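Quick notes on the structure that follows.
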């Protein structure tokens, strides 16, 4: 028999005391064995103090030094000796006590480099947030390799660090999380793994609660940043193809989800999806925009003050 994998659960935090408490409570009910590591970006609401009272492995960094990819990679490198690193965000939590065991299970296959867990909407999620989770996170598990790219396109490299696990060996073999990306550091490293011959898994049995009730402005800013990422990393689309009509399929699915009983919500749905598309297209043209505009349009304004802007 092989020895069990040594697992680290890594959580970046910032001003999310109540959310972190909920997450830590859920981790305390897990059946799997693991060690928890928290990296806090100088919270001012008691998050750091809560983390220190509940977890023995807490690192505090200056908020200006936080980087979506770089901070995660820092935690990987500071804590060697773990076979698998599970990443969660402070606003997610686990209802099922076997969720963490489920996301680690696919690593019994030595070819698996990363595993994405399923996300269920928060209990207070609005209908559009409920649909987003239903559309992107189905119950059926799937093993993906580079050979699936012609059929799945960008979905081949889909990953979300709100609940995702990485084999340390595979992560380091492809250079780890990138510091230069504005977001989607998870897709970046997953794409690298697939190109290097690893397989990745979407595990429908490993479920967390995570969703966002974004305002229209927040949706715009997020999709602007996604456009920036895609424009700056053209190799991903070149290797995996585009979304293949995914946007239109999403809109149709959302209207079906809303149904005739919520017909009055259809215009808002169409407007929101049009705004997301416009923001994405604008983000792809970010090289034409002055930096002070990009800071206003972005969900990550601090990125534009850094060395990779």
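Points to keep in mind about this one:
- In the elastic network of the chain, a GNM with C-alpha springs shorter than 10 Å, the most mobile of 288, 272, 221 is 288.
- Rounded to the nearest 5, the antiparallel percentage of DSSP beta bridges internal to the chain is 35%.
- Annotation for the range 201-252 versus the range 1-31: alpha-carbon center distance of 25 Å.
- Taken along the Cα-to-beta-carbon direction at a fixed 7 Å, the label points for residue 180 and residue 135 span 3.2 nm.
- Residue of 162, 108, 298 that the Gaussian network model of the chain assigns the largest fluctuation, springs spanning Cα pairs under 10 Å: 108
- Modelled FRET efficiency - R0 22 Å, residue 78 with residue 19, Cβ distances, 0.05 increments: 0.40
- The order of 34, 135, going from fewest to most other C-beta atoms within 10 Å of their C-beta, is 135, 34.
- Computed label-point distance, nm, for sites residue 287 and residue 213 using a 7 Å Cα→Cβ extension: 4.1
- Computed from label points 7 Å out along Cα-Cβ, the spacing between residue 275 and residue 56 is 4.8 nm.
- Inter-part distance, the range 272-303 to the range 78-143, computed on C-alpha centroids, equals 28 Å.
- Relative to the current alpha-carbon distance between residue 33 and residue 172, full extension at 0.36 nm per residue lengthens the span by 47.8 nm.
- For the chain, built as a Gaussian network whose Cα springs stay under 10 Å, the top-fluctuating residue of 42, 269, 211: 269
- Per-residue Cβ neighbour rank within 10 angstrom, fewest leading, 116, 85: 85, 116
- FRET efficiency, residue 108 to residue 142 (Cβ-Cβ, R0 22 Å, nearest 0.05): 0.85
- When the helices of the chain are scored as -39500 (n - 2.57) per DSSP H run of n ≥ 4 and the total is divided over every residue, the value at 222 nm lands at -12500 deg cm²/dmol.
- Ranked by how many other beta carbons lie within 10 Å on average, peptides 227-238, 257-268 from highest: 227-238, 257-268
- Using 0.36 nm per residue and subtracting the Cα-Cα separation, the extra length available between residue 6 and residue 196 on full extension is 66.0 nm.
All of the numbers you see were taken from the coordinates with simple rules; none came from a lab. Because the structure is predicted, anything quoted here is derived from the model rather than measured. Note that we place each Cβ from the backbone using ideal geometry, even for glycine, and neighbour counts take in every protein chain shown.
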